[in-house]
Amino acid sequence: MRVNAYAAPAAGRPLAPTTIERRAVGPNDVLIAIEYAGICHSDIHTVNGDWGPQPFPVVPGHEIVGTVSEVGADVTKYQVGDRVGVGCMVNSCGECAHCRRGDEQYCLNGMVPTYAGTDRDGTTTQGGYSTHVVVDADYVLSVPDGLDAAAAAPLLCAGITTYAPLRRWGAGPGKKVAVVGLGGLGHMAVKIAHAMGTEVTVLSQSLKKQEDARRLGADHYHATSDPDTFTELAGRFDLIINTVSADIDTNAYLGLLTVDGAMVNVGAAPGPLTVNGFLLGSARRVLTGSMIGGIALTQEMLDFCAEHGIGADVEVISADRINDAYARVLASDVRYRFVIDAATIA
Ligand code: NAP
Ligand code: ZN
């Protein structure tokens, strides 16, 4: 089936309307009529070539919410009309040790990203900046009724990417968590960590987002442009979630961890890290990373967000504004996620 989409024709080039082919609905597939697709900074890294060569033209988009409009013969979990979501992953082997324990994103045979990936049938995947997508039902999520569709879309990447390390590293009552960077991922981290009952501090470049941070659930807020921040907060945190899309001074942040504290990089800055080993050893600190989350955990996150009334703060845009939105994300001028109204993709 031929559907409308927005694609980047080559690295660093503006996105433009196009049409793409979606496969016929297979026995375990679901055809989704897309309602909303979030704009993740990863879309911009990909299109701009920050992560190396890509199979252009690329249709980005891995924060997808829509309704089921057709199901394959073997699909029992979904019915026509159900509201569903698709995140960053549309396939994996399903058989390796990691897939079997619910870490499909770390599939030993390679998980299939929602766009710019090679699917198991050899075709190149195309993402959510389009009107329809066909996805294996095992990689489709159920979007709870209580969630607004546009506000739910960013949960499929920004939500799970921050929920997973908060869960993994024990955020909750009595723990102090810092969130570095208040963008799409950062604002979800604040909302989710607050709902988990943890004490949340935002570390942002300037004081500009201070009011917003409080409203989102932050208990404390500091500007990283102020050197006093790093002396005042030394040894303070159990957990730091770094969501920054650019290179930062990792050592300055490691110094903010208490004994056995962990800094988790979810931001995918392109540069190599320089780490002072003494800072790790002197307080048994941990420096680690995390990539999205498995399918079962993603469903758990959606249910958690519905239970706590959490959606993203979104600015819904028409598709002809995608390139302007990219420029604003790059300027840290997003409050806090752009979401494309798929009805405007023509
Ligand atoms: P975003 O909305 O652009 O937010 C990034 C925030 O980082 C900005 O709002 C800004 O916050 C801060 N920032 C930007 N440039 C900075 C700089 N030069 N120095 C210090 N702070 C800076 O991006 P996003 O969509 O949240 O994505 C963030 C990163 O996570 C991207 O690299 C993306 O590719 C990556 N990502 C990773 C995963 C994963 O699975 N690990 C999943 C999704 C995204 P302030 O204005 O508050 O300082
Ligand atoms: Zn993303």
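The values are calculated or read from the model by the stated rules, or taken from the named source; none is laboratory data. All values reported here derive from a predicted model rather than from experimental measurement. Heads up, the Cβs are rebuilt from the backbone with ideal geometry, glycines too, and the neighbour counts pull from every protein chain shown. The accessibility values were calculated without ligands, DNA or RNA, using every heavy atom of the protein model including side chains. Shrake-Rupley method; radii C 1.70, N 1.55, O 1.52, S 1.80 Å.
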Restricting to the stretch 249-290, give me the number of residues that are outside any strand (DSSP E or B), closer than 20 Å to SER225 by Cα, touching a strand residue (DSSP E or B) at 6+ places or on another chain (Cβ under 8 Å) and within 16 Å of ligand 2 (Cβ to nearest atom).
1
I'd like to know if the stretch 180-193 contains one or more residues that are more than 22 Å from GLY38 (Cα to Cα) and either charged (D, E, K, R) or away from ligand 2 (no atom under 16 Å from the Cβ) (or both).
no
Among (1) in contact (Cβ under 8 Å) with a residue 12 or more places away in the chain; (2) open to solvent by 30 Å² or more (accessible area, probe 1.4 Å), the one test that ALA16 misses:
(1)
Single match in SER318, SER245 (criterion: polar (S, T, N, Q), under 23 Å from the mean Cα position of the chain (by Cα) and within 24 Å of PRO113 (Cβ to Cβ)):
SER245
Let me confirm something: among VAL143, VAL133, which residue is outside the structural domain of GLY235 (by TED's automatic domain parsing), open to solvent by less than 30 Å² (accessible area, probe 1.4 Å) and either under 15 Å from the mean Cα position of the chain (by Cα) or more than 16 Å from ligand 2 (Cβ to nearest atom) (or both)?
VAL143
Would you tally the residues in the stretch 321-346 being within 23 Å of SER245 (Cα to Cα), among the charged types (D, E, K, R), modelled with pLDDT of 95 or more and more than 16 Å from the chain's Cα centre (by Cα)?
3
Filter the stretch 324-336 down to residues that are surrounded by 14 or more Cβ atoms within 10 Å (Cβ to Cβ) and either of a type outside the set (A, V, I, L, M) or part of a loop (DSSP other than H, G, I, E, B) (or both), then give me how many there are.
6
So, first residue more than 14 Å from PRO14 (Cβ to Cβ) in the stretch 45-56, second residue within 14 Å of ligand 2 (Cβ to nearest atom) and aromatic (Phe, Trp, Tyr), Cβ within less than 7 Å, six or more apart or across chains; the pairs are HIS45/TRP51
Scanning the stretch 257-276 for residues that are open to solvent by less than 50 Å² (accessible area, probe 1.4 Å) and over 27 Å from VAL329 (Cα atoms) gives LEU257, THR258, GLY261, ALA262
Pairs with Cβ under 7 Å, 6+ apart, first in the stretch 59-87 and assigned by TED's automatic domain parsing to the domain that holds ARG337 and of a type in the set (Lys, Arg), second assigned to a loop (DSSP other than H, G, I, E, B) and open to solvent by less than 50 Å² (accessible area, probe 1.4 Å)
ARG83/VAL143
Going by what's in this entry, would SER318 be described as within 9 Å of ligand 1 (Cβ to nearest atom) and either open to solvent by less than 20 Å² (accessible area, probe 1.4 Å) or assigned by TED's automatic domain parsing to the domain that holds HIS45 (or both)?
no
